[in-house]
Amino acid sequence: MQSLSEGIRQRKTISKGFKDLDAFPKIPESYQETSASGGTVSILVFLFISMLVISEFIYYSGSILTYKYEVDKEADNKFRINIDITVAMECDDIGADVLDLSGGNVDTGENLHLTPAHFSMSSNQKQWWDAFRSARKSDEGYRSINKVTQIDMIFGDVMPTYMPDEIESEFEGKEFDGCRIYGNIEVNKVAGNFHITAGKSIPHPRGHAHLSALVSELNYNFSHRIDMLSFGEPHPGIINPLDGDLMITTTPYHMYQYYIAIVPTTIQTLKNTIKTNQYSVTQRSRQLNLNSGSQGVPGIFFKYDFNAISVSVNEERRSFNEFLIRLCGIIGGVFATSGMLHSAIGALADIILCQMRQKRGKMFQTANNVQKEQFEGKTPFVLLKHDNINSQHVSLVQQ
């Protein structure tokens, strides 16, 4: 029996020791004070926390893009340029060619097409164009290599990735006033120059020449619209820096220059791997005055070069541990902050009420003192009882 009682005492001692270590002491309900203001604050806090938790879950369910830079180790000799440009000139009056760094003429082959087109757009094309330009310009610095933008990330399946065909009924009876240049060109992986200028080209040992003298100056109009310009294998959905570019000129002798730096890029999404090429671009345009000796040729010139650095873009999910940590921080921070604010506001209200009560008490005391002084300054009165009437009353008689 003695050993049993000693064991019970030891267990009680251990239990008491654990109770002393309790970091979350419980307050009896009889000591807790509730108020209407506290209930209102609690409701607002719960609503605010719910909003933050929902936004945090939306943030967690999305993906992030991480960028990694390294030396380009690809040794491909050939490279592909994908083009879809509409120029405000007839196809018979312009030529499109490529010259590489060696000065040799690159054969455009049968994959580059020039077809008559309307430079103005139909209503469905204009709607697509406006939405596309808004998507392209939604990111600041869209002409720099700082972010891979995909049109399907912005519009999903609602919007097609390429410009739709024109509505023929809207151009009924109108002649073609433009030329659409589209397709792809296989070039050497060295710096080069793709250009569109007046006159068809003829080859010669040192390159080629354009027969611009056969084109009337009245037909010169190098206003152009770039529907797509990309390098490497095309991937529908990726918005390139020059996609959706529109340039309008009112002078015949105008020169547009685009300086392009190409960076090989590998995009690892959650579903697949894409090898493409990002590029940054610097644009210059100027009006040529041949009579005053201006140097240059009217036309559209894309001067491209390859960067020795490649970029790897990985799409990743946010970790669940990060989600839990941020969630705990939100809930705990809001509770702690709201509690401190409620206590501070309550203390401030108590101070203000206390001062108001003290001020009111002083006012009452001052009024009583004034009445007392007025009473003491008058002729004293005595009370006399009259018994000669039925109802007893009190009258004041001046002494």
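The values are calculated or read from the model by the stated rules, or taken from the named source; none is laboratory data. Only a predicted model underlies this, so the values are computations on that prediction, with no experimental measurement involved. Cβ placement follows ideal geometry from the backbone for every residue including glycine, while neighbour counts extend to all protein chains displayed.
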Q: Determine whether Tyr259 is surrounded by 16 or more Cβ atoms within 10 Å (Cβ to Cβ) and either of a type in the set (S, T, N, Q) or in contact (Cβ under 8 Å) with a residue 24 or more places away in the chain (or both).
A: no
Q. Does Thr13 count as modelled with pLDDT under 70, surrounded by fewer than 11 Cβ atoms within 10 Å (Cβ to Cβ) and either part of a helix (DSSP H, G or I) or within 43 Å of the chain's Cα centre (by Cα) (or both)?
A. yes
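Taking Glu168 as the residue in question, decide whether it is over 25 Å from the mean Cα position of the chain (by Cα) and within 29 Å of Ile64 (Cα to Cα).
Spelling it out, it is not the case that Glu168 is over 25 Å from the mean Cα position of the chain (by Cα) and within 29 Å of Ile64 (Cα to Cα).
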Q. Is there a residue being of a type in the set (A, V, I, L, M, F, W, C) and in contact with a Gly (Cβ under 6 Å, 6 or more places away or on another chain) anywhere in region 298-310?
A. no
Q: Please work out which one of (1) surrounded by fewer than 21 Cβ atoms within 10 Å (Cβ to Cβ); (2) more than 29 Å from Gly178 (Cα to Cα) is the condition Pro264 fails and give its number.
A: (1)
Q: Determine whether region 111-123 contains at least one residue that is over 20 Å from Glu175 (Cα atoms) and more than 31 Å from the chain's Cα centre (by Cα).
A: yes
Q: Look through Lys19, Lys26, Lys73 and report the one residue that is modelled with pLDDT of 75 or more, loosely packed, with under 11 Cβ neighbours inside 10 Å and of a type in the set (Lys, Arg).
A: Lys73
Q: Name, by its number, the condition in (1) surrounded by 12 or more Cβ atoms within 10 Å (Cβ to Cβ); (2) not in a loop (DSSP other than H, G, I, E, B) that does not hold for Gly296.
A: (2)
(Q) Need the failing condition index for Asp130 against (1) of a type in the set (D, E, K, R); (2) over 21 Å from the mean Cα position of the chain (by Cα); (3) modelled with pLDDT of 75 or more; (4) surrounded by fewer than 16 Cβ atoms within 10 Å (Cβ to Cβ), just the number. (A) (2)
Q) List the pairs whose first member sits in region 115-129 and is farther than 10 Å from Pro164 by Cβ and among the aliphatic types (A, V, I, L, M), whose second member is at pLDDT 85 or above and buried (at least 18 other Cβ atoms within 10 Å of the Cβ), and whose Cβ atoms are under 7 Å apart, counting only residues at least 6 apart or on separate chains? A) Ala117/Thr86; Ala117/Gly178; Ala117/Cys179; Ala117/Arg180
Q. For residues in region 166-215 being more than 18 Å from Asp97 (Cα to Cα) and assigned to a loop (DSSP other than H, G, I, E, B), which is modelled with the lowest pLDDT?
A. Gly173
